[in-house]
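Colleague: Quick one: the structure is below, and I'll ask about it shortly.
The values are calculated or read from the model by the stated rules, or taken from the named source; none is laboratory data. Worth saying up front: this structure is predicted, and the values here are computed from it rather than measured. All Cβ positions, glycine included, derive from the backbone under ideal geometry; neighbour counts span all protein chains shown.
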Amino acid sequence: MKKLMLISMILLLTQVNEMLGQCVADAGPDKVVCCDYAYGVDTNFIGGSPTAFGGTPPYTYIWEAHHVYTLGGYTEILPASWFLNDTTIANPSVINFEDNPPVEFYLTVIDANNTVSKDTVKVDFSIYGYFWGYSGYQIMQGDSVYLWGIQTVLGGIPPFEYLWRPNHGLTDSTTLSGFWAKPDYSTSYYITVTDSAGCVAVGTTSYEVIVIPVSVEEYLSENFKIVLTPNPVDDILTINIEPNNFNFLLLNIYDLSGHIIVNKIIENQTNKIDLNELETGIYLYEMINKRQIVSKGKLVKK
């Protein structure tokens, strides 16, 4: 028995020595690289760990690709150098992508004794694109609005998981489109998409729901003539109110997320409001008299 065990151990050591004596190339496992048209490629490396072993170091690495790119009647062969930051190192990073994946990379490893070993790896790309889409709504506090039809993220590898943020007031925050929103306060909603490869994309704001508190009655009074000039405004906004039969009015200016940017008491018939520090964009304003909205509209800041 001892003799048999000794023979088995000798055979095992011989096999290990033979394996270690060979130069072995390892291009690593096939993988998916996350990327999109707005932000480029997530940092990702190919190759094994290690990419070469056995034989006699140092090793020479050669990465190659012969990917066929076709657009209409145009055809081009894209080399490995188009995709990788360096085709002569063990673990190059992917720096570019192509919208007709996967791409197959061929690895050649040569050791100090000119022993050659080869391996291949396939790289797929999860590619996202971003699109502008926006819908704005005004509701009274306690009311609901149905949100559907806006998609600001496309691409990726299906199936997908969706998550709307914030999920405040939503009947379903995990569906792409078609759900009710009943926020207690003005809210901006944006979507996060996760594909089957785990690649994540965050869209821009899709829906703005501006909530008017129920404590303020929406009543556009004909008893007041309120003029805001100029509109668009550069720095100083002039507010003229006729007639001058009020104690004071409250001016609220909101951004499109529903946040109050300006909140001022208006006591005079003619008023100058400095908006120089306001960022360029579109805003909403309202004038309130005794808890009633007597004027509202859109204000454009240059």
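Colleague: Having 2 or more residues that are without any contact (Cβ under 8 Å) to a residue 24 or more places away in the chain is the bar; report the strands (runs of 3 or more DSSP E) wholly within region 225-302 that clear it.
Modeller: 225-229, 260-266
Colleague: For region 23-43, name all the residues that are in contact with a Cys (Cβ under 9 Å, 6 or more places away or on another chain) and not in a loop (DSSP other than H, G, I, E, B).
Modeller: Selection gives Val32, Val33, Cys34, Cys35, Asp36, Val41.
Colleague: Out of the residues in region 227-262 meeting the condition of being among the polar types (S, T, N, Q) and modelled with pLDDT of 85 or more, tell me which one is farthest from Tyr190 (Cα to Cα).
Modeller: Asn240
Colleague: Separate question: What number of residues within region 81-125 satisfy the criterion of being touching a Phe, Trp or Tyr at 6+ places or on another chain (Cβ under 7 Å), in a strand (DSSP E or B) and polar (S, T, N, Q)?
Modeller: Residues in region 81-125 being touching a Phe, Trp or Tyr at 6+ places or on another chain (Cβ under 7 Å), in a strand (DSSP E or B) and polar (S, T, N, Q): 2 in total.
Colleague: Go through (1) in contact (Cβ under 8 Å) with a residue 12 or more places away in the chain; (2) assigned by TED's automatic domain parsing to the domain that holds Glu64 for Asn114 and report which single condition fails.
Modeller: It fails just one condition, (1).
Colleague: Is it true that Thr270 is surrounded by 14 or more Cβ atoms within 10 Å (Cβ to Cβ) and either among the hydroxyl-bearing types (Ser, Thr, Tyr) or modelled with pLDDT of 90 or more (or both)?
Modeller: Answer is no for this residue.
Colleague: Checking Lys31 against (1) modelled with pLDDT of 95 or more; (2) over 30 Å from Val202 (Cα atoms); (3) of a type in the set (Lys, Arg), which single condition isn't satisfied?
Modeller: Condition (2) is where Lys31 drops out.
Colleague: Separate question: Restricting to region 174-207, count the residues that are outside any strand (DSSP E or B) and either touching a residue at least 24 places away in the same chain (Cβ under 8 Å) or under 24 Å from Asp255 (Cα atoms) (or both).
Modeller: Residues that pass the stated criteria total 13.
Colleague: Within region 52-59, can one find any residue that is within 21 Å of Val103 (Cα to Cα) and among the β-branched types (Val, Ile, Thr)?
Modeller: No; the residues of region 52-59 include none that is within 21 Å of Val103 (Cα to Cα) and among the β-branched types (Val, Ile, Thr).
Colleague: Right, another one. Hey, any hits in region 37-44 for a residue that's of a type in the set (S, T, N, Q), outside the structural domain of Ala197 (by TED's automatic domain parsing), surrounded by 10 or more Cβ atoms within 10 Å (Cβ to Cβ) and modelled with pLDDT of 95 or more?
Modeller: no
Colleague: Follow-up question, since we're still on this one. For region 203-212, state whether one or more residues are at pLDDT 80 or above and closer than 14 Å to Ile288 by Cα.
Modeller: Within region 203-212, not a single residue is at pLDDT 80 or above and closer than 14 Å to Ile288 by Cα.
Colleague: Still on this structure, I have one more. For region 281-298, does any single residue satisfy the condition of being touching a Ser or Thr at 6+ places or on another chain (Cβ under 6 Å) and either surrounded by 17 or more Cβ atoms within 10 Å (Cβ to Cβ) or of a type outside the set (Lys, Arg) (or both)?
Modeller: Yes.
Colleague: Can you name the condition, by its number, that Ala90 falls short on among (1) under 14 Å from Ala27 (Cα atoms); (2) loosely packed, with under 13 Cβ neighbours inside 10 Å?
Modeller: Only one criterion in (1) under 14 Å from Ala27 (Cα atoms); (2) loosely packed, with under 13 Cβ neighbours inside 10 Å is unmet by Ala90, namely (2).
Colleague: Checking Phe179 against (1) under 23 Å from Thr43 (Cα atoms); (2) outside the structural domain of Glu98 (by TED's automatic domain parsing); (3) of a type outside the set (Val, Ile, Thr): exactly one of these is not met. Which one?
Modeller: Of (1) under 23 Å from Thr43 (Cα atoms); (2) outside the structural domain of Glu98 (by TED's automatic domain parsing); (3) of a type outside the set (Val, Ile, Thr), only one is false for Phe179: (1).
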